[in-house]
Amino acid sequence: MLKNSITFLGTGGGRVVVFRQIRHSGGIWLNLEGTNVLIDPGPGSLVRIFEKGFDTRDIDIIVVSHRHLDHSADLNSVIESASESTKKPKDLLIAPLDVVEGDDPILLKYLRKAIKEYVPVEENKTIPYKNIQIIGTIKHIHEGADTYGLEFHSENKKVIYVPCGKFYEKMLEGYSENADVMIFNTTFPKKVEGYYHLSAEDVEKMIERYKPKIAVITHFSVAMLKADPEKIAARMSRKTGVKVLAAYDGMRLNF
Ligand SMILES: [Zn+2]
Ligand SMILES: [Zn+2]
């Protein structure tokens, strides 16, 4: 049987934690049934990949949830590295349109040729790749950036990534139930008005609604680190009956 794993290259979120590197911010490396997916290559991703013993050349798909730099700053470096300076293009890039096109794209134009196929993520859009499917679920409300929820399905496994965004009603409708692993960008311990990020309170509602086998919280702000993600995860586990883990830099989860 093929091994499935998720490695958290970084777990920082929010301006201070990411841009002062209080926690790393290198995104998530998902191995699903032999396909390697790099999700949200934030600042430092290239370094963390090699530090964890991975190799960019093994990446099959790069997925960017949205254009904010904590999720995309190393996109160009990783593609340059993974494609051996465009000589060996990567199969697939999945990202919202404003990451690749428009006035101010994140992806440098000369690197377009380092990607065989670019598919924009949209609501309820399924993108097949070999033995897996990548699905854009609901549009998130996230300031200044097109952002979508993402699911990764194989025949037997389901991984869900809930990126940054403000909590609203659709958050309790748009995702699948009973995922093997459901990852939540849980930036704040409590709701903060005026911020377009999820809090532990919001995530608890989503866990109760979707009942994943394992939930992981990550993308922590200073407030979250002060409140102690481990304690918050333990409390969420007690309340929801679902196993909730607080991610730490370099954490690897086999499933
Ligand atoms: Zn963002
Ligand atoms: Zn973010």
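Per 5 Å bin from zero, what fraction in whole % of the C-alpha pairs of region 5-249 is there, up to the bin with the longest pair?
1, 7, 15, 19, 22, 18, 11, 5, 2, 0, 0
Structure shown: which of Lys125/Lys170; Lys190/Lys231; Lys125/Lys239 lie over 25 Å apart, alpha-carbon to alpha-carbon? Please report the intermediate quantities before stating the final value.
Working: Lys125/Lys170 16 Å; Lys190/Lys231 14 Å; Lys125/Lys239 33 Å.
The answer is Lys125/Lys239.
Phe220's amide H: which non-local residues (gap 5+, or another chain) put their own amide H closer than 5 Å, with H modeled 1.01 Å from N in plane and none for Pro or chain starts?
Distant-sequence amide H within range of Phe220: Gly12, Gly13.
So what's the back-of-envelope 222 nm ellipticity for the chain, counting only DSSP H runs of four-plus at -39500 (n - 2.57) apiece and dividing by all residues, rounded to 500?
Working: 8 runs with 57 residues, N = 255.
That calculation yields -5500 deg cm²/dmol at 222 nm.
Tell me the label-point distance for the pair Phe255, Glu177, using the 7 Å Cα-to-Cβ offset, in nm and rounded to one decimal.
1.8
Enumerate the amide H contacts of Ile115 below 5 Å, restricted to partners 5 or more residues apart or on another chain; note that Pro and chain-start residues carry no placed amide H.
Under 5 Å from the amide H of Ile115 lie the amide H atoms of Lys90, each far enough along the sequence or on another chain.
Could you go through region 218-223 in sequence order and give the Karplus-derived ³J(HN,Hα) for each residue, using 6.51 cos²θ - 1.76 cosθ + 1.60 with θ = phi - 60°, rounded to whole Hz, and x for Gly and Pro?
For region 218-223, the Karplus curve yields 7, 6, 8, 8, 4, 4 Hz.
Under a GNM of the chain (C-alpha, springs under 10 Å), which listed residue has the highest mean-square fluctuation: Asn185, Asn156, Asn124?
Asn156
Got a sec to turn the phi values of region 129-140 into Karplus ³J(HN,Hα) couplings, 6.51 cos²θ - 1.76 cosθ + 1.60 with θ = phi - 60°, whole Hz, x for Gly and Pro?
8, 6, 8, 10, 10, 10, 10, x, 9, 9, 6, 8
Distance check, please: which entries in Lys191/Lys243; Lys113/Lys191; Lys113/Lys205 exceed 32 angstrom between their Cα atoms? The partial results should precede the final answer.
Numbers: Lys191/Lys243 22 Å; Lys113/Lys191 42 Å; Lys113/Lys205 42 Å.
Too far apart for the 32 Å limit: Lys113/Lys191; Lys113/Lys205.
What's the center-to-center distance, using Cα atoms, between region 54-95 and region 6-31 in Å?
Distance between centres, Cα-based: 16 Å.
FYI, it's all coordinate maths here, none of it is from the lab. Note that this is a predicted model, so its numbers are computed, not measured. Virtual Cβ from ideal backbone geometry, glycine too; neighbours counted across all protein chains shown.
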